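I have placed the structure first, in the form of C-alpha cells, so that the comments after it can refer back to it.
The values are calculated or read from the model by the stated rules, or taken from the named source; none is laboratory data. What you are looking at is a predicted structure, and each value in this text was computed from that prediction instead of being measured. Methodologically, a virtual Cβ is constructed for each residue, glycine included, from the backbone with ideal geometry; neighbour enumeration extends over all protein chains shown.
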Amino acid sequence: MLSSRRMCRDFASAPLDHGVTTRLVDAASRAPSAGNTHGLEFLVLESPSTGDYWDVTLPPGRREGFRWPGLLRAPLLLLPYVEPGAWARRYSEPDKAKSALGEVGSWPVPYWFVDGGAALMAVLLTAEDLGLGALLFGQFRHEEALKERFGVPADRRALGTIAIGHRAAGERSRSTSARRGRQDPEDMIHRGAW
C-alpha cells in the first residue's frame, strides 16, 4: 500500500461511498498522539460545499489556466486542524506535569504538528487502501480566510487540505516536484554516528 501511494490531482466527479469520511477520520484517530492528547479535528467539506472552499482559495477569475482543473472535482475536502493548547493542557495533568510542557511555548518541538503529520499519513494510506486518490496540499496564504469563512476557532492551526475522490480515467498526476524522484534511503542513514 505505501509503495503504491501517490498524490492525485485529477478526480472523477463520482460521489464517494457512504462511510468513507468516517473511515478516513477513524484512521487519523489511530495515529500516534503524544500523551494520547487527541487535539486534531477535521472540517469536512463534501460536494457541493467544496465550491465554497475553492471560492476562497482559487476565485473564479484565477481558475482559467489552472494547471490541475480536475482537482476541483474532488468530492471530499478534509481540512485538518490542531489545537496547540490541547497538548499544553494534557501535559499539565498530574501524570505529565513533570515534563514542564504545560505551556504551548514550552515545547521545543511542537508535537501538534508531529502528531498531526502522522494522522495525515494515516488518512492518505487509508484512502489508498480504499482505492481512492488523495492529495495533501497547503493552505498557505489562505489559512486565516478559510478559518473565517468556515467559523474555525482562532486557536486552531491548519495542517493543510486533503482532497479525496475517485481518480479520473487517464489521470495525469505527476507534478514538477515529483519529477525530482525519491531520495536514496542509504543517503538518509547515518549508522552509529553522524
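Observations on the model:
- Selection from the range 76-87 of residues that are small (Gly, Ala, Ser) and buried (at least 18 other Cβ atoms within 10 Å of the Cβ): 86
- Taking the range 130-153 as the range and being assigned to a helix (DSSP H, G or I) and either loosely packed, with under 14 Cβ neighbours inside 10 Å or of a type in the set (Lys, Arg) (or both) as the test, the residues that pass are 140, 141, 144, 145, 147, 148, 149.
- Top-ranked residue in the range 105-124 [being under 21 Å from the mean Cα position of the chain (by Cα) and not in a helix (DSSP H, G or I); ranked as surrounded by the fewest Cβ atoms within 10 Å (Cβ to Cβ)]: 109
- Flag for residue 42 being without any contact (Cβ under 8 Å) to a residue 60 or more places away in the chain and in contact with a Pro (Cβ under 6 Å, 6 or more places away or on another chain): yes
- Of everything in the range 50-68 that is under 18 Å from the mean Cα position of the chain (by Cα) and free of Cβ contacts under 8 Å to residues at least 60 places away in the same chain, the residue that is farthest from residue 20 (Cα to Cα) is 54.
- You will find that of 90, 73, the residue that is surrounded by 15 or more Cβ atoms within 10 Å (Cβ to Cβ) and either of a type in the set (Val, Ile, Thr) or in contact with a strand residue (DSSP E or B) (Cβ under 8 Å, 6 or more places away or on another chain) (or both) is 73 and no other.
- Apart from one condition, residue 102 fits all of (1) in contact with a Ser or Thr (Cβ under 9 Å, 6 or more places away or on another chain); (2) in a helix (DSSP H, G or I); (3) more than 19 Å from residue 44 (Cβ to Cβ); (4) of a type in the set (Gly, Ala, Ser); the exception is (2).
- Of the helices (runs of 4 or more DSSP H) lying entirely inside the range 1-83, those containing at least 3 residues that are at pLDDT below 95 span 60-63.
- You will find that of 93, 41, the residue that is of a type in the set (Asp, Glu) and more than 25 Å from residue 140 (Cα to Cα) is 93 and no other.
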